[in-house]
Amino acid sequence: MPELPEVETVRRELENKIKEKIIKEVTIGKTEKIIQRPAPIKFVAQLKDKKIIGLNRRGKYLIICLDSGERLIIHLGMTGVIIYPYDDKTIQLKGLNSKHNHLSLVFTDHTQLVFNDVRRFGKLYLLSNSEEIESINKLGIEPLEDNFTLEVFKKILNSTKKTKIKSFLMNQTFITGLGNIYANEVLFRANIHPLRSILSLTEEEIERLYQEIKTVLTIAIQCGGSTVADEAFRNTSGEKGSFAEKIQVYARQGEPCKKCGQPIEVIRIEGRSSFICPRCQKL
Ligand SMILES: [Zn+2]
């Protein structure tokens, strides 16, 4: 699923493209379960005539701020993509199908933004300025913000010493934004086995891990995110992200480790595939 770098890619692009635009028409698809709140009729009515004043991100949530104080919050789920400016022909050429369009916003300049989601795990919320959602409230620290220092990282680790390090990285309430691709990459680059407990990590390993979290996410944003075989991520022009070319372990089982040549192995941890080099990442 899209992780921090993919959502940040979309946020940055939309900030340049749709800020100051006014919504003229709103159309929703048949899959109303994507609209979490308010009820679809209200959702459509409340979006009309609103001006977009800014774009934020919290973890894997994209937040579109409106001049009314309301926020349109989008979670891309597994396969959600936002295309702008949208036209039917271009998206077909890029392998997307318009029958999976679930939200369309037409602006007063006649350009159109579309939310397309094949697997329909995406979620949309339209919240007033006082309304909040629990899944966002309980998110942990943003790893690319200045307040995520090594000292703070150590404090968070200390609060949950028995946890296995990969479960820790994947848990959005400690640090938010890492999913399966980037958690695997960070651990490989730091030479740490995903099943190591936090308690067993040395000072040096903790420092390496801290640096790699920042480095991997930063490079991935520069690459416009990752589009890998089983994931459908696209940027707002429908193009794929290029971090996949820099991936060291994710989905590379059987292929040689880029550090030592040993074949990459796959293990299951909490229902997700973990990719490791058995020589570089010792348990
Ligand atoms: Zn290796």
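Scanning segment 142-172 for residues that are closer than 21 Å to Lys60 by Cβ, touching a Leu at 6+ places or on another chain (Cβ under 7 Å) and assigned to a loop (DSSP other than H, G, I, E, B) returns Pro143, Leu144, Gln172.
Among the residues of segment 189-245, count how many are outside any loop (DSSP other than H, G, I, E, B) and of a type in the set (A, V, I, L, M, F, W, C).
If we filter segment 189-245 for residues that are outside any loop (DSSP other than H, G, I, E, B), which is where we start, we get 189, 197-200, 203-222, 226, 242-245.
So of that shortlist, the ones also of a type in the set (A, V, I, L, M, F, W, C) come out as 198-199, 206, 209, 213, 216-217, 219-221, 243-244.
Total meeting the criteria: 12.
Return yes or no: is Ile41 part of a helix (DSSP H, G or I), hydrophobic (A, V, I, L, M, F, W, C) and surrounded by fewer than 17 Cβ atoms within 10 Å (Cβ to Cβ)? Quick ask: steps written out before the conclusion?
Details: part of a helix (DSSP H, G or I): yes; hydrophobic (A, V, I, L, M, F, W, C): yes; surrounded by fewer than 17 Cβ atoms within 10 Å (Cβ to Cβ): yes.
Criteria met by Ile41.
Suppose the filter is in the same structural domain as Gly29 (by TED's automatic domain parsing), surrounded by 12 or more Cβ atoms within 10 Å (Cβ to Cβ), within 18 Å of Thr227 (Cβ to Cβ) and not charged (D, E, K, R); does Gly122 pass it? Please lay out each step first, then the result.
Values: in the same structural domain as Gly29 (by TED's automatic domain parsing): yes; surrounded by 12 or more Cβ atoms within 10 Å (Cβ to Cβ): yes; within 18 Å of Thr227 (Cβ to Cβ): yes; not charged (D, E, K, R): yes.
So Gly122 passes the test.
Taken over segment 238-281, the criterion of being more than 16 Å from the ligand (Cβ to nearest atom), surrounded by fewer than 16 Cβ atoms within 10 Å (Cβ to Cβ) and of a type in the set (Gly, Ala, Ser) is satisfied by Ser242, Gly271, Ser273.
Out of Asn180, Asn184, Asn191, which single residue is under 24 Å from Phe153 (Cα atoms) and more than 16 Å from the ligand (Cβ to nearest atom)?
On the way: Asn184 fails: more than 16 Å from the ligand (Cβ to nearest atom); Asn191 fails: more than 16 Å from the ligand (Cβ to nearest atom).
Every option except Asn180 fails the conditions.
Of the set (1) away from the ligand (no atom under 16 Å from the Cβ); (2) modelled with pLDDT of 95 or more, all apply to Ala232 but (2). Scanning segment 248-283 for residues that are aliphatic (A, V, I, L, M) and at pLDDT 95 or above yields Val249, Ile264, Val266, Ile267, Ile276.
The values are calculated or read from the model by the stated rules, or taken from the named source; none is laboratory data. Quantities reported herein were computed from a predicted structural model and do not represent experimental measurements. Every residue, glycine among them, receives a Cβ derived from its backbone with ideal geometry; neighbour counts consider all protein chains shown.
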